[in-house]
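*Asks:* This is the structure, below, for whatever I ask next.
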Amino acid sequence: MRIILASKSPRRQELLRAIGITEFEIMPSDSELAASRAAPPEETVTAIAAGKAADIAAKCGPDDIIIAADTLVYIDGSPLGKPKSADEAYAMLRALSGRAHTVYTGIAVFRDGRRFSAAVGTDVYFRELSDAEIEAYVASGEPMDKAGAYGIQGLGALLVERVDGEYSNVVGLPLCTLGRLLKEAGYSVLG
């Protein structure tokens, strides 16, 4: 049995290690599923995560455990992906300033031809940000590879007043939910 993370995200790797899963392989998925603006966010992220997990499961043995996730930030019913430019990052952060938004992560665990999946939503509340603060944060480079243009585990923590829900979900891998799914798949992190 191997544990395979279908992601190259350093944050997801760190989170797995934080719960004691230190022996795992990284096999990023080539699945190119796009987020549907028509489907509810929970369905969208779960479908994308399941697509990634299925892509990797097809290349692995039946007893291997594949973990895949997809995270999107939603505000006013619309998803915010990863910014493609500094200007786009600035616009996203301006939209989030002083407001609440929801971070959704779909997670899928595949083992022995079975899929275990869930979606987690966490409400995040940003404080009011000045133009200078947004410019400085964008200049740090941190927003560029993150959904919603911020990373709560880094400098982005200075932007967030409060979080309602699973904190690790905002980082990109809801650990409480992952633990439950792994247990359903026959692998208990806590023994």
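*Asks:* Would you mind stating whether Ser97 is within 30 Å of Arg127 (Cα to Cα) and surrounded by fewer than 17 Cβ atoms within 10 Å (Cβ to Cβ)?
*Replies:* In short, yes.
*Asks:* Would you be able to say whether some residue in the stretch 94-114 is more than 30 Å from Ala57 (Cβ to Cβ), of a type in the set (Phe, Trp, Tyr) and assigned to a strand (DSSP E or B)?
*Replies:* no
*Asks:* Scan the stretch 160-181 for residues that are among the hydrophobic types (A, V, I, L, M, F, W, C), in a helix (DSSP H, G or I) and surrounded by fewer than 22 Cβ atoms within 10 Å (Cβ to Cβ) and jot them down. Before you say what the answer is, go through the steps one by one.
*Replies:* Kept after step one, since they are among the hydrophobic types (A, V, I, L, M, F, W, C), are these residues of the stretch 160-181: 160, 163, 170-171, 173, 175-176, 178, 181.
Within this subset, residues satisfying the condition of being in a helix (DSSP H, G or I) are 170-171, 175-176, 178, 181.
Scanning the stretch 160-181 gives Leu175, Cys176, Leu181.
*Asks:* Do we have any residue at all in the stretch 122-139 that's of a type in the set (A, V, I, L, M), in contact with a strand residue (DSSP E or B) (Cβ under 6 Å, 6 or more places away or on another chain) and modelled with pLDDT of 95 or more?
*Replies:* Checking the stretch 122-139: at least one residue is of a type in the set (A, V, I, L, M), in contact with a strand residue (DSSP E or B) (Cβ under 6 Å, 6 or more places away or on another chain) and modelled with pLDDT of 95 or more.
*Asks:* Ok, one more. Consider only pairs whose beta carbons are under 6 Å apart and that are at least six residues apart or on different chains; among these, list those whose first residue lies in the stretch 5-26 and is over 16 Å from Cys60 (Cα atoms) and touching a residue at least 24 places away in the same chain (Cβ under 8 Å) and whose second residue is β-branched (Val, Ile, Thr) and assigned to a helix (DSSP H, G or I).
*Replies:* Arg11/Val171
The values are calculated or read from the model by the stated rules, or taken from the named source; none is laboratory data. The structure presented is a predicted model; accordingly, all values stated were derived computationally and were not measured. Note that we place each Cβ from the backbone using ideal geometry, even for glycine, and neighbour counts take in every protein chain shown.
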